[in-house]
Amino acid sequence: MTSPHSTRREALRALLREEHCDALVVSELLNIRYLTGFTGSNAALLVHAEDSPGNEDRTVFCTDGRYRTQSAEQVPDLRREIARACAEHLVGLAVQAPARALGFESHVVTVDGHAALAAAAADAELLRAPGLVERLRMIKDVGEVALLRAACDAADAALAQLLSSGGVRAGRSEMDVARELESLMRDHGADGPSFETIIAAGANSAIPHHRPTTAVLAAGDFVKMDFGALVGGYHSDMTRTVVLGEPATWQREVYELVSAAQAAGRAALTAGTASAAVDAAARQLIVDAGHGDHFLHGLGHGVGLEIHEAPGIGALSTGMLSAGAAVTVEPGVYLQGRGGVRIEDTLVVTDSTPELLTLTTKELLVV
């Protein structure tokens, strides 16, 4: 049975042939994980364009001696080499294969790293080949979507428990709430948080990427919670904003505006739609309400092995969305000195209605 990693390597080979590369040296560790399953801290992968799932003799994985046992378990289907300077070692093997047009990940290789590759390449031509694996990573397969669902489920369950137990209340600090939420995500099956949890209360909720402090939650505050769970290397991302006590009129108005914009963004999220058009669908509502200057970021981003990855969804984004892309939709309105609202979901693009992975209600919760 063909493994998901083998299938992904075969898709990469098709891109290499399009780019007229005989082979590619993969240096980015997350790309190596995507193509092999390896989770260590030092590795490189040589993928030959003319290999096939049943014959990968020239496709070689390399790591150092610390990961001899781990790599045997995680990468059982490829030839393995042990060397400290993995990328240079694989370039030397590629030249012997021979590979005359050798691609490298120019978006991650340093100037000094390129010099080392060039020295190992001898007379072979080194070709810049940025973003090829990331192009594949934009479209999630069945196994990846299952991990994203599990990550979103852990985050949903953690927030539900936090709210039902009174964990978001006046008198607690932002840091206290953040720590408890991260602990609850682990309790519900997460390997850890996707990123540093944002808990922002009162005026701090108007800071899009506020870091939790000892600031104390108070009656009347908006409390913005931006957080996610990590499961099997895959990230979830969700933001919910609640209010402590009866909301003021301005708070209801801002919340309802952001909620409407978020719904418009979700509705526009279909395969074949330009990313910029999805952003515009949500942003225009906020602009028309006079708050265009208070929406300070793009509408969303891809999620997967990274918390922020392609595709981007913003006013300046290019390209069309494809079925299978996992993205966020997260409009916000931020009123400096008063407070702000962001509502964010993780979704999977389809040919029709996107699949919603973060299921916590988006109704304004009064806690």
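The values are calculated or read from the model by the stated rules, or taken from the named source; none is laboratory data. Because the structure is predicted, anything quoted here is derived from the model rather than measured. We place every Cβ from the backbone using ideal geometry, glycine too, and count neighbours over all the protein chains shown.
I'd like the residue in the range 6-26 that is out of contact with any helix residue (DSSP H, G or I) (no Cβ under 8 Å at 6 or more places or on another chain) and over 16 Å from residue 106 (Cβ atoms) and, out of all such residues, is surrounded by the most Cβ atoms within 10 Å (Cβ to Cβ). Lay out the reasoning, then the answer.
Let us first name the residues in the range 6-26 that are out of contact with any helix residue (DSSP H, G or I) (no Cβ under 8 Å at 6 or more places or on another chain), namely 6-7, 10, 13-14, 17-18, 20-21.
The next check asks that each one be over 16 Å from residue 106 (Cβ atoms); those that pass are 6-7, 10, 13-14, 17-18.
Values: 6: 19, 7: 12, 10: 15, 13: 22, 14: 11, 17: 12, 18: 10.
Ranking the qualifying residues of the range 6-26, first place goes to 13.
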Report task. Kindly check whether there is at least one residue in the range 43-54 that is without any contact (Cβ under 8 Å) to a residue 60 or more places away in the chain, assigned by TED's automatic domain parsing to the domain that holds residue 13, over 20 Å from residue 131 (Cα atoms) and crowded, with 16+ Cβ neighbours inside 10 Å. Result -> yes
Report summary line: Counting only residues in the range 217-260 that are aliphatic (A, V, I, L, M) and out of contact with any helix residue (DSSP H, G or I) (no Cβ under 8 Å at 6 or more places or on another chain), the one farthest from residue 291 (Cα to Cα) is identified as 219
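Among the residues of the range 256-269, which ones are surrounded by fewer than 17 Cβ atoms within 10 Å (Cβ to Cβ) and farther than 24 Å from residue 339 by Cβ?
Residues of the range 256-269 surrounded by fewer than 17 Cβ atoms within 10 Å (Cβ to Cβ): 256, 260, 267.
If the condition is that a residue be surrounded by fewer than 17 Cβ atoms within 10 Å (Cβ to Cβ) and farther than 24 Å from residue 339 by Cβ, then 267 is the only one that fits.
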Query - Search result, residues across the range 7-26 that are over 12 Å from residue 126 (Cα atoms), touching a strand residue (DSSP E or B) at 6+ places or on another chain (Cβ under 8 Å) and charged (D, E, K, R) - result: 9, 10, 13, 19
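If the requirement is being in contact with a helix residue (DSSP H, G or I) (Cβ under 9 Å, 6 or more places away or on another chain) and within 24 Å of residue 144 (Cα to Cα), which of these qualifies: 328, 353?
On the way: 328 fails: in contact with a helix residue (DSSP H, G or I) (Cβ under 9 Å, 6 or more places away or on another chain).
Result of the check over 328, 353: 353.
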Query raised in the report: Of (1) touching a residue at least 60 places away in the same chain (Cβ under 8 Å); (2) surrounded by fewer than 22 Cβ atoms within 10 Å (Cβ to Cβ), residue 316 satisfies all except one. Which?
Result: (1)
Requested in this report: Could you tell me whether residue 145 is under 22 Å from the mean Cα position of the chain (by Cα), in a helix (DSSP H, G or I), within 17 Å of residue 345 (Cβ to Cβ) and not basic (Lys, Arg)?
Outcome: yes
Query raised in the report: Of the residues that make up the range 171-189, is at least one farther than 25 Å from residue 366 by Cβ, in contact (Cβ under 8 Å) with a residue 12 or more places away in the chain and under 17 Å from the mean Cα position of the chain (by Cα)?
Result: no
Requested in this report: Can you confirm whether the range 93-102 contains a residue that is touching a residue at least 60 places away in the same chain (Cβ under 8 Å), basic (Lys, Arg) and in the same structural domain as residue 56 (by TED's automatic domain parsing)?
Outcome: yes
**Report entry** Single condition residue 63 does not satisfy, out of (1) of a type in the set (S, T, N, Q); (2) in contact with a Cys (Cβ under 7 Å, 6 or more places away or on another chain); (3) more than 27 Å from residue 235 (Cα to Cα)
**Finding:** (3)
Report task. Return the residue satisfying two criteria in turn: it lies in the range 148-166 and is in a helix (DSSP H, G or I) and free of Cβ contacts under 8 Å to residues at least 24 places away in the same chain, and of such residues it is nearest to residue 35 (Cα to Cα). Result -> 162
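Would a scan of the range 70-79 turn up a residue that is under 20 Å from residue 124 (Cα atoms) and modelled with pLDDT of 95 or more?
The answer is no, given that none of the residues of the range 70-79 is under 20 Å from residue 124 (Cα atoms) and modelled with pLDDT of 95 or more.
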Query raised in the report: Could we say that residue 321 is more than 29 Å from residue 251 (Cα to Cα), of a type in the set (A, V, I, L, M) and either in contact with a Lys or Arg (Cβ under 9 Å, 6 or more places away or on another chain) or in the same structural domain as residue 248 (by TED's automatic domain parsing) (or both) here?
Result: yes
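Inspect the range 263-281 for any residue being farther than 21 Å from residue 347 by Cα and either among the charged types (D, E, K, R) or without any contact (Cβ under 8 Å) to a residue 24 or more places away in the chain (or both) and give the result as yes or no. I'd like the intermediate steps shown before the answer.
Residues of the range 263-281 that are farther than 21 Å from residue 347 by Cα, as a first pass: none.
No: the range 263-281 contains no residue that is farther than 21 Å from residue 347 by Cα and either among the charged types (D, E, K, R) or without any contact (Cβ under 8 Å) to a residue 24 or more places away in the chain (or both).
For residues in the range 132-142 being among the aliphatic types (A, V, I, L, M) and part of a helix (DSSP H, G or I), which is nearest to residue 30 (Cα to Cα)? Step through it out loud before you land on a result.
At the first step, the residues of the range 132-142 found to be among the aliphatic types (A, V, I, L, M) are 132-133, 136, 138-139, 142.
Applying the additional criterion that residues be part of a helix (DSSP H, G or I) yields 132-133, 136, 142.
On the way: 132: 13, 133: 10, 136: 12, 142: 18 Å.
Ranking the qualifying residues of the range 132-142, first place goes to 133.
Quick check, is residue 88 under 23 Å from residue 63 (Cα atoms) and of a type in the set (Asp, Glu)? Explain how you work it out, then say what you get.
Numbers: under 23 Å from residue 63 (Cα atoms): yes; of a type in the set (Asp, Glu): yes.
In short, yes.
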